[in-house]
Amino acid sequence: DAGVIQSPRHEVTEMGQEVTLRCKPISGHNSLFWYRQTMMRGLELLIYFNNNVPIDDSGMPEDRFSAKMPNASFSTLKIQPSEPRDSAVYFCASSFDGGGYTFGSGTRLTVV
Amino acid sequence: GQQVMQIPQYQHVQEGEDFTTYCNSSTTLSNIQWYKQRPGGHPVFLIQLVKSGEVKKQKRLTFQFGEAKKNSSLHITATQTTDVGTYFCAEDSGSARQLTFGSGTQLTVLP
């Protein structure tokens, strides 16, 4: 298994632009998570899907952030419009029935 | 949600010395997980503890879950430079099945 696959690995964009981050979870995992990591705030849970259904999006900072999971093998996190304070490493993780999480390699987002 | 406090925030040790990081919660945890993140890398799952008083070992790493299930520790015996990284505990709020991560302990091992 290739693990959790995220793309792109790095993204540099100008303020106001739309950013889309992508994630392919491990086949068979039924939960998918989007986390954001910064030095100041550590690892923050943004949103959590179970069986492709969003369960808890209380961590999504504001309406500029949205996430979808159209099927069991794909999820996106979109930021529109992006702002410099959105700069962070965004991780996608998947798990099966409350077991350990497998994280992707992350997307390092820089908004200038 | 619940929060786990993790200490220390930073730890520098000489290679060969032992290292311990602690997680504490004000409420009872259903289970706790531990992760390691190498510099520039992503968190990697190490172990999950579920039972009160549970102790698990992985080579030089020893994980403990407190009797009251309110604290946990990770102990590394005779650290090596390969142990460098940030160690996170993460608590599972149970019904929600989502993890809340502690702030992490950043370990530096001096050769």
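Overview of results
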{"item": "Index of the failed condition, B:S26 passing every other in (1) within 14 Å of chain A (Cβ to nearest Cβ); (2) at negative phi; (3) without any contact (Cβ under 8 Å) to a residue 60 or more places away in the chain", "result": "(1)"}
{"item": "The range B:83-100, subset charged (D, E, K, R) and under 19 Å from B:K70 (Cβ atoms), residue modelled with the highest pLDDT", "result": "B:E91"}
{"item": "Strands (runs of 3 or more DSSP E) fully within the range B:55-95 counting 1 or more residues that are of a type in the set (D, E, K, R) and under 18 Å from B:I7 (Cβ atoms)", "result": "B:85-92"}
{"item": "Sole residue being more than 17 Å from B:F88 (Cβ to Cβ), surrounded by 15 or more Cβ atoms within 10 Å (Cβ to Cβ) and of a type in the set (A, V, I, L, M, F, W, C), chosen from A:F65, A:F33, A:F96, A:F103", "result": "A:F65"}
{"item": "Per-region count, the range B:28-51, residues more than 26 Å from A:G3 (Cβ to Cβ) and surrounded by 13 or more Cβ atoms within 10 Å (Cβ to Cβ)", "result": "2"}
{"item": "Residue count, the range A:49-97 (criterion: in contact with a Ser or Thr (Cβ under 8 Å, 6 or more places away or on another chain), hydrophobic (A, V, I, L, M, F, W, C) and without any contact (Cβ under 8 Å) to a residue 24 or more places away in the chain)", "result": "1"}
{"item": "The one condition in (1) among the β-branched types (V, I, T); (2) under 30 Å from A:S58 (Cα atoms); (3) surrounded by 18 or more Cβ atoms within 10 Å (Cβ to Cβ); (4) at pLDDT 95 or above that B:V4 fails to fulfil", "result": "(4)"}
{"item": "So A:P25, is it in contact with a Ser or Thr (Cβ under 9 Å, 6 or more places away or on another chain) and exposed (fewer than 12 other Cβ atoms within 10 Å of the Cβ)", "result": "no"}
{"item": "Failed item, numbered, when B:I76 is tested on (1) in contact with a helix residue (DSSP H, G or I) (Cβ under 6 Å, 6 or more places away or on another chain); (2) within 12 Å of chain A (Cβ to nearest Cβ)", "result": "(2)"}
{"item": "Which listed residue is within 11 Å of chain A (Cβ to nearest Cβ), more than 22 Å from A:F96 (Cα to Cα) and either more than 13 Å from the chain's Cα centre (by Cα) or without any contact (Cβ under 8 Å) to a residue 12 or more places away in the chain (or both), from B:G40, B:G53, B:G104", "result": "B:G40"}
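The values are calculated or read from the model by the stated rules, or taken from the named source; none is laboratory data. Owing to the predicted nature of the structure, the values given are computational and were not obtained by experimental measurement. Cβ sites come from the backbone with ideal geometry, for glycine too, and all protein chains shown count toward neighbours.
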